[in-house]
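Visitor: This is the structure I want to talk about, given as structure tokens.
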Amino acid sequence: MSNTMKTFVMKKIGELGFFDKPIPRPGPNDAVVKTTRALVCTSDTHTIGGAIGERSNLTLGHEAVGCISELGSEVRGFRVGDRVAVNAITPCFQCDNCQRGFTSQCGQMLGGWRFSNIKDGVFAEYFHVNDADANLAKIPDAVPDDIAVYTCDMMSTGFMGAEHAAIPLGGSVAVFGVGPVGMMAVAGARLLGAGLVIAVEHVPKRKELARTFGADVVVDYTEPNPMERILALTGGAGVDSAIEALGSQETFQAAIKATRPGGTISVVGYFGHGDYVSIPRLDWGVGMSDKTIRTGLCPGGRERMTRLMRLLETKRVDPSPMTTHRFSFQEIEKAVRLMKTKDDGIIKPLILFDP
Ligand SMILES: [Zn+2]
Ligand SMILES: [Zn+2]
């Protein structure tokens, strides 16, 4: 067996390609996973575009599952060969922020985001996992890799959007931007007992999938008076909870406007451009509306991942309709480019690695 592997990297801002690297080795608490499936994320395209700054031959990707190929000497809960998922966010679970309960902010703001940020990502034949006992999660036999890979980011982030939205049982929820994270926010809102889920979207394929995942009403914001239509659905009061799942100034402002006083605006969008995001002053009750704005980054860790796996095992949610495209690892550049242009009705491209 050779000691090198093929990886797909960002050579520099805007430039992509394959690059051979040594197969990573685990430290005492770490693991190395042989990749079987990965998903391309819109945030990969932000990274390539320079949203987190310049990088040199950084392996891309943060959503992948596989089999453990090597374990550090101190890892207790797993064996070589186990099928595992690893969240996009891999905290240490020991530092001050982790102990305060904000594991995605491990060490520093957004510090739990290691893959394809401060270390190599998962678009590679093998990838390294820090703090393996805390970050690996076994994939149940009944759950195929093709759907398990949705736990890494889409399900964890989308469901967090709903969990952070403080949805009252039977309450009304509006989800702004129904890409794959928004779809999982819709599904999460349903699971958490929302009585009315309004999806705000205009791309036809996304509107269709919003309904598949449980939206009661789809408001197309390109049609006249979308805000009036959202408000009318709640008798003019505004929704109890809004979930911003796009990361744009427009949807953020609309989410604040659509939320009733005392309600919660849960932000899961990635704001990839600009220096400031502004709050509409009057819709914010000139600062006194009792509206809560909550943010968060994809929660990781074995315990959460195991719970997400259970939702797949018991079929509470089936993310497979989001897989609109499949590519081999050799074809990954095509998938990344499609994810940027959003052509061809793409929602998520699944990347298949050689066994
Ligand atoms: Zn992602
Ligand atoms: Zn930490």
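The values are calculated or read from the model by the stated rules, or taken from the named source; none is laboratory data. All values reported here derive from a predicted model rather than from experimental measurement. Positions of Cβ are backbone-derived with ideal geometry, glycine not excepted, and every protein chain shown enters the neighbour counts. Heads up: the accessible areas ignore ligands, DNA and RNA and are worked out on the full protein's heavy atoms, side chains in. Shrake-Rupley method; radii C 1.70, N 1.55, O 1.52, S 1.80 Å.
Visitor: Can you order the peptides 4-16, 193-205 by their average number of other Cβ atoms within 10 Å per residue, highest first?
Guide: On the way: 4-16: 17.1, 193-205: 20.7.
By packing density, highest mean first, the sequence is 193-205, 4-16.
Visitor: I would also like to ask the following. In deg cm²/dmol and to the nearest 500, what is the mean residue ellipticity at 222 nm of the chain if only DSSP H runs of at least 4 residues count, each as -39500 (n - 2.57), divided by the residue total? Mind dumping the intermediate values first?
Guide: On the way: 11 runs with 91 residues, N = 355.
So the calculated ellipticity at 222 nm is -7000 deg cm²/dmol.
Visitor: Now for a separate question. Give me, ordered by chain and number, the residues 5 or more places off GLY263 or on other chains with an amide H under 5 Å from its own placed amide H.
Guide: Under 5 Å from the amide H of GLY263 lie the amide H atoms of THR292, each far enough along the sequence or on another chain.
Visitor: Where only protein heavy atoms count, and the probe is 1.4 Å, what is the accessible area per residue for the chain in Å²? Spell out each step's value before the answer.
Guide: Details: 15370 Å² over 355 residues.
Result: 43 Å² of accessible area for each residue.
Visitor: Here's another thing I want to ask about it. When Lys and Arg each count +1 and Asp and Glu each count -1, what net charge do the other residues less than 11 Å away from VAL32, Cβ to Cβ, add up to? Intermediate values should be presented prior to the final figure.
Guide: Working: positive: ARG25, LYS34; negative: ASP30, GLU70, GLU125.
Local charge sum for VAL32: -1.
Visitor: Here's something else I'd like to know. So what J values fall out for region 331-348 if you push phi through Karplus, 6.51 cos²θ - 1.76 cosθ + 1.60 with θ = phi - 60°, rounded to Hz, Gly and Pro as x?
Guide: Values per residue, Gly and Pro as x: 9, 4, 4, 4, 5, 5, 5, 5, 5, 6, 7, 6, 6, 6, x, 5, 10, 9 Hz.
Visitor: ILE243's amide H: which non-local residues (gap 5+, or another chain) put their own amide H closer than 5 Å, with H modeled 1.01 Å from N in plane and none for Pro or chain starts?
Guide: For ILE243, whose amide H was placed from the backbone, the distant partners under 5 Å are ALA174, VAL175, PHE176, SER266.
Visitor: What does the highest-first list of 101-114, 236-249 look like by mean Cβ count within 10 Å?
Guide: Numbers: 101-114: 19.1, 236-249: 23.8.
Ranked from most to least packed, the peptides come out as 236-249, 101-114.
Visitor: For PHE18, what is the net charge nearby, where nearby means another residue's Cβ is under 9 Å from its Cβ and Lys, Arg count +1, Asp, Glu -1? If you can, show how the numbers build up before the last one.
Guide: Numbers: positive: LYS6; negative: ASP20, GLU333.
Around PHE18, the surrounding residues sum to -1.
Visitor: OK, next. What does the charge add up to near ARG211, with Lys and Arg as +1, Asp and Glu as -1, over the other residues with Cβ less than 12 Å from its Cβ?
Guide: Working: positive: ARG190, LYS205, ARG206, LYS207; negative: GLU201, GLU208, ASP216.
Value of the local net charge: +1.
Visitor: Which entries of LYS205/LYS348; LYS205/LYS291; LYS21/LYS348 have Cα-Cα distances beyond 21 Å here? It would help to have the intermediate numbers written out before the result.
Guide: On the way: LYS205/LYS348 12 Å; LYS205/LYS291 32 Å; LYS21/LYS348 27 Å.
Flagged as over cut-off: LYS205/LYS291; LYS21/LYS348.
Visitor: Right, here's the next one. If we sort 174-187, 336-349, 31-44, 297-310 on the protection proxy, mean other Cβ atoms within 10 Å, highest first, what's the order?
Guide: Values: 174-187: 30.2, 336-349: 17.0, 31-44: 24.4, 297-310: 20.0.
Put in order of decreasing packing, that is 174-187, 31-44, 297-310, 336-349.
Visitor: Skipping prolines and chain starts, which residues have an amide H placed within reach, meaning under 5 Å, of the one on LYS12, given they are 5 or more residues away or on another chain?
Guide: So LYS12 has HN proximity to ASN57.
Visitor: Rounded to the nearest 5, what is the percent of antiparallel bridges among the DSSP beta bridges in the chain?
Guide: Values: 32 of 59 bridges.
Looking only at bridges with both residues in the chain, the antiparallel portion is about 55 percent.
Visitor: Also, quick follow-up: Tell me, what % of the accessible area of the chain is carbon and sulfur with a 1.4 angstrom probe? Before the final figure, lay out the partial values.
Guide: On the way: 7820 of 15370 Å².
Roughly 51 percent of what the probe reaches on the chain is carbon or sulfur.
Visitor: Same structure, new question: Would you mind pulling out the separation of the Cα centroids of region 275-299 and region 301-355, in Å?
Guide: A separation of 31 Å, based on Cα centres.
Visitor: Past the 30 Å Cα-Cα mark, which pairs from LYS315/LYS342; LYS138/LYS342; LYS6/LYS340; LYS257/LYS315; LYS138/LYS207?
Guide: Working: LYS315/LYS342 28 Å; LYS138/LYS342 32 Å; LYS6/LYS340 23 Å; LYS257/LYS315 35 Å; LYS138/LYS207 33 Å.
From the list (LYS315/LYS342; LYS138/LYS342; LYS6/LYS340; LYS257/LYS315; LYS138/LYS207), the Cα-Cα distance tops 30 Å for LYS138/LYS342; LYS257/LYS315; LYS138/LYS207.
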